[in-house]
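The values are calculated or read from the model by the stated rules, or taken from the named source; none is laboratory data. Remember, predicted model here, so these are calculated numbers, not experimental data. Cβ: placed from backbone, ideal geometry, glycine included. Neighbour counts: every protein chain shown. Accessible surface areas use protein heavy atoms only, side chains included; no ligands, DNA or RNA. Shrake-Rupley method; radii C 1.70, N 1.55, O 1.52, S 1.80 Å.
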Amino acid sequence: MKLRYLLLLCLPLTVLAAEDTIITESTSTSDVSTTTKLESPPPSAITPTMNISNSDLCTVGVAGAVQTQILGISMGTTVRDMNCEKLKNAKTLYDMGMKVAAVSIMCQDERVFDAMMNAGTPCPYQGLIGEEAKAAWVANVEETPVEIKAEEIVDEKTKQTLMGLGSIFALLLLLL
């Protein structure tokens with residue numbers, strides 16, 4: 001029996017000794033794939049600034065910009081206001097004491113011309129005023145101011161601007 005107990009006592013020691021000599025190996029393989037998404041703001045065409053805030057100017061600013069994924073274009077121009085120029089010229093002449101010349105400038109507008117005739121104070125005609133001017137206007141009806149149609153106002157600069165805009169628009173259509 002003693003031998004049994006002795007064997008039982010030695011058995012755990014043998015197992016413990018065997019555990020000390022066990023070598024374990026582990027191998028791991030991994031494939032890592034990363035994706036980076038870069039987000040940036042789209043390019044933009046900025047409309048040019050048109051400084052026409054001076055009250056002494058008779059111009060109106062027009063500006064615009066177009067941006068596609070490939071190309072951006074911005075442009076601007078000024079347009080003369082002929083009626084504003086007429087009013088400023090008439091006021092300047094009136095302030096200089098040249099009242100007949102100021103009225104003559106205003107009479108270039110058909111509406112003012114008709115209003116002056118209806119009021120009994122006809123517009124000056126080549127230095128004539130009053131009844132003499134009225135008789136001269138009646139004798140020379142072909143020289144009375146006529147209303148200019150909007151189609152006739154398109155001047156050369158406006159035509160060039162429209163041609164430029166048309167070509168830019170056609171280019172942008174080609175790039176889309």
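Laid out as a table, the results:
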read-out	value
Candidate set from segment 83-99 (those that are among the hydrophobic types (A, V, I, L, M, F, W, C) and surrounded by 13 or more Cβ atoms within 10 Å (Cβ to Cβ)); member that is nearest to residue 56 (Cα to Cα)	84
Given (1) closer than 30 Å to residue 44 by Cβ; (2) open to solvent by less than 50 Å² (accessible area, probe 1.4 Å); (3) out of contact with any Lys or Arg (no Cβ under 8 Å at 6 or more places or on another chain), index of the condition residue 130 fails	(1)
Residue among 128, 93 that alone is more than 30 Å from residue 73 (Cβ to Cβ) and at pLDDT 90 or above	93
Those residues of segment 58-77 which are open to solvent by 50 Å² or more (accessible area, probe 1.4 Å) and in contact (Cβ under 8 Å) with a residue 24 or more places away in the chain, in sequence order	66, 67, 69, 70, 71, 74, 75
